[in-house]
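See below for the structure under consideration.
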Amino acid sequence: MAGLAGSPWLRIRVLPELQPFSIRRCFLFNPRLSLCRRNISVLASAAAGPINGEVRVRFAPSPTGNLHVGGARTALFHNLVDLRGEGGSMRVDHIARNYRPIKFDLIQDLKRSNGGKFILRIEDTDLERSTKESEEAMLNDLMWLGLDWDEGPGVGGEYGPYRQSERTSLYKQYAENLLNSGHVYRCFCSNEELEKMKERAQQLQLPPVYTGKWATASDREIQEELGKMTPYTYRFRVPKEGILKINDLIRGEVSWSLDTLGDFVILRSNGQPVYNFCVTVDDATMRVSHVIRAEEHLPNTLRQALIYQALGFTMPSFAHVSLILAPDRSKLSKRHGATSVGQFREMGYLPKAMVNYLALLGWGDGTDNEFFTMDQLVEKFSISRVNKSGAVFDSTKLRWMNGQHLRALPSEELSQILGERWKSMGLLVDSGGMFVKEATELLKDGIDLVTDADAVLSNLLSYPLESTLASAECKPVVEDKLFDLATSLLSAYDSGELLEALKAGPIGWQNWVKNFGKQLKRKGKSLFMPLRLLLTGKLHGPEMGGSIILIYKAGISGVISPQASFKTLDERFKMLREIAWEAYNVEKQSGADSVATLSH
């Protein structure tokens, strides 16, 4: 995968005095189980477990909705994973009266590798909620972010298929292996019986674990139920004592007591495999070396670790990243606003800004730098610098960051983006040309999102003079002999002096303004504020000279769409002549002469 140069490779060593599960040890879990007495071995796939020397990571979304920003961050971390000497281990300690403790240790020696593989797997076993539309939307969002996969839908690979719905036969094969080895047994309990077990556990204030009714059933009892066609599930036989520990790459050592788990289902009565079983089989047979996922999946690791061990699979390294939080530090959800990549895409965000911001949610390179290209992220990213605590999603900061990335684009690229936007929104009839380039240069500082460009250009083209004159903010400008300046400005326009200056460009404008100010004995704010008001109809905006020149060019270039509500300079000065100054309490010069001048 591009950008994974220098990633670690995985070497697993089992301590010599320790041994993994064997068929003989199933007597320790269930001395009565007749299947344990059979000489049966587990038929694990030859392709199971990480490939020595290769980093293989996977992103496995469920196509039941849009790609959440949390999922996108997880996919990004997979894409960036570059574990430098960081290791993880898994240990299971079984303690029972009749046998010595069994320790299963994985010591992982991770070294830099020359690359790796990013696998995309679609977990679509929830047939009722999974849709093709959601899958396509997620794939499009990942591609938009630049997170390409080396194996998966549309790409293929030697460890496919890459949709869980197409891997059912594989799950059934491994389930039968576990049944034959004694790690799994058939459970014929009805829903009513299971509900009573839960109620009984609640009354006794115990964990709601399965009591193991069918764990010790005889062959005769099992055959009777099979003969009656009684529905059954496959339950995994969990050791009743012991502690399972993993060394999480982010959270350090995490442990669980096995007596709180109870025997769990891996295959439903309808033949449908459950999540934890599918994930374990998939990750092992796809030779995944590192699993990076949200912390809410941490409890699943207990069940998955037991399944790995029972099937003789090599455990991958686990890294559980913190959740993305809303400003109120609750889990980020739809009630907080936009949460999916597709929404931010429609709102006008750039993929490089989204990638940059998502990377910073829980990670940093140890400096104050907040701006990273994808190449820089690949170079600097390390799981060791991912924080344990939750990261707050700040939409204001994301917007600001997008603006920084937008303005950092090459001028030609930014002009193309904004020009196409302006044309598509009916403001311009052409998406290219000098007007678009100059408008982009003038207006870009006011644009954080591509969608902001509409309002910014519309604001430049509009002329809300009367409403501005009536505002409280404009009162000091009106009272500073605005009528006098308006009279002189109209004379400059009628004489052609102003137009000649605008034709000459920035230098012409600067020379004219300087001379105009000298004539009126005005300078600074006293000159520029009323000029901006009379020429643009507003008190604030982009650099005034560039604004007036662009308005002039807009009027003669024919690039402005008729739907843009644009007021040319001719139309602006016509409106200026027709202003009822008395309504704004403007103090005029000596009566009729000045009125006549303004209405010339």
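At a glance:
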| item | result |
| --- | --- |
| Filtered residues of the range 240-264 (kept if open to solvent by less than 30 Å² (accessible area, probe 1.4 Å) and either touching a residue at least 12 places away in the same chain (Cβ under 8 Å) or in contact with a strand residue (DSSP E or B) (Cβ under 7 Å, 6 or more places away or on another chain) (or both)) | Gly242, Leu244, Ile246, Asp248, Leu249, Ile250, Val254, Leu258, Leu261, Gly262, Asp263, Phe264 |
| Residue count for the range 163-198, restricted to those that are within 22 Å of Ala60 (Cβ to Cβ) and open to solvent by less than 70 Å² (accessible area, probe 1.4 Å) | 10 |
| Given (1) open to solvent by less than 40 Å² (accessible area, probe 1.4 Å); (2) in contact with a Gly (Cβ under 7 Å, 6 or more places away or on another chain); (3) in contact (Cβ under 8 Å) with a residue 40 or more places away in the chain, index of the condition Ala501 fails | (3) |
| Matching entry among Glu571, Glu587 (being of a type outside the set (A, V, I, L, M), over 42 Å from the mean Cα position of the chain (by Cα), modelled with pLDDT of 80 or more and open to solvent by 60 Å² or more (accessible area, probe 1.4 Å)) | Glu571 |
| Which listed residue, of Lys423, Lys444, is farther than 17 Å from Tyr349 by Cα and modelled with pLDDT of 95 or more | Lys423 |
| All positions within the range 362-383 that are farther than 28 Å from Ser330 by Cβ, open to solvent by 20 Å² or more (accessible area, probe 1.4 Å) and among the small types (Gly, Ala, Ser) | Gly366 |
| Filter result for Arg303 (in contact with a Phe, Trp or Tyr (Cβ under 9 Å, 6 or more places away or on another chain), open to solvent by 20 Å² or more (accessible area, probe 1.4 Å), closer than 30 Å to Thr74 by Cα and in a loop (DSSP other than H, G, I, E, B)) | no |
| Residue satisfying all of: in the range 216-239; among the charged types (D, E, K, R) and open to solvent by less than 60 Å² (accessible area, probe 1.4 Å); farthest from the chain's Cα centre (by Cα) among these | Glu225 |
| Subset of the range 121-139 (residues that are without any contact (Cβ under 8 Å) to a residue 24 or more places away in the chain and assigned to a loop (DSSP other than H, G, I, E, B)) | Glu128 |
| Subset of the range 384-430 [buried (at least 20 other Cβ atoms within 10 Å of the Cβ) and touching a strand residue (DSSP E or B) at 6+ places or on another chain (Cβ under 9 Å)] | Val386, Ala391, Phe393, Gly419, Trp422, Leu427, Leu428 |
| Verdict on Ala353 being buried (at least 20 other Cβ atoms within 10 Å of the Cβ) and either modelled with pLDDT of 95 or more or under 25 Å from Ala439 (Cα atoms) (or both) | yes |
| All positions within the range 541-556 that are in a helix (DSSP H, G or I) and either surrounded by fewer than 16 Cβ atoms within 10 Å (Cβ to Cβ) or in contact with a Cys (Cβ under 8 Å, 6 or more places away or on another chain) (or both) | Ile556 |
| Which numbered condition Ser565 fails, given (1) open to solvent by less than 30 Å² (accessible area, probe 1.4 Å); (2) in contact (Cβ under 8 Å) with a residue 40 or more places away in the chain; (3) not β-branched (Val, Ile, Thr) | (1) |
| Residue tally, condition modelled with pLDDT under 90 and within 19 Å of Gly271 (Cα to Cα), over the range 192-231 | 1 |
| Single unsatisfied condition, Lys538 versus (1) assigned to a helix (DSSP H, G or I); (2) open to solvent by 10 Å² or more (accessible area, probe 1.4 Å) | (1) |
| Test: Ala284 is at negative phi and modelled with pLDDT under 95 | no |
| Lone qualifier among Lys380, Lys352 - being closer than 21 Å to Gly146 by Cβ and without any contact (Cβ under 8 Å) to a residue 40 or more places away in the chain | Lys380 |
| Selection count where residues are open to solvent by less than 40 Å² (accessible area, probe 1.4 Å) and within 26 Å of Leu398 (Cα to Cα), scope the range 431-447 | 5 |
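The values are calculated or read from the model by the stated rules, or taken from the named source; none is laboratory data. What you are looking at is a predicted structure, and each value in this text was computed from that prediction instead of being measured. In this analysis, Cβ positions are derived from the backbone assuming ideal geometry, glycine residues included, and neighbour counts consider all displayed protein chains. Accessible surface areas use protein heavy atoms only, side chains included; no ligands, DNA or RNA. Shrake-Rupley method; radii C 1.70, N 1.55, O 1.52, S 1.80 Å.
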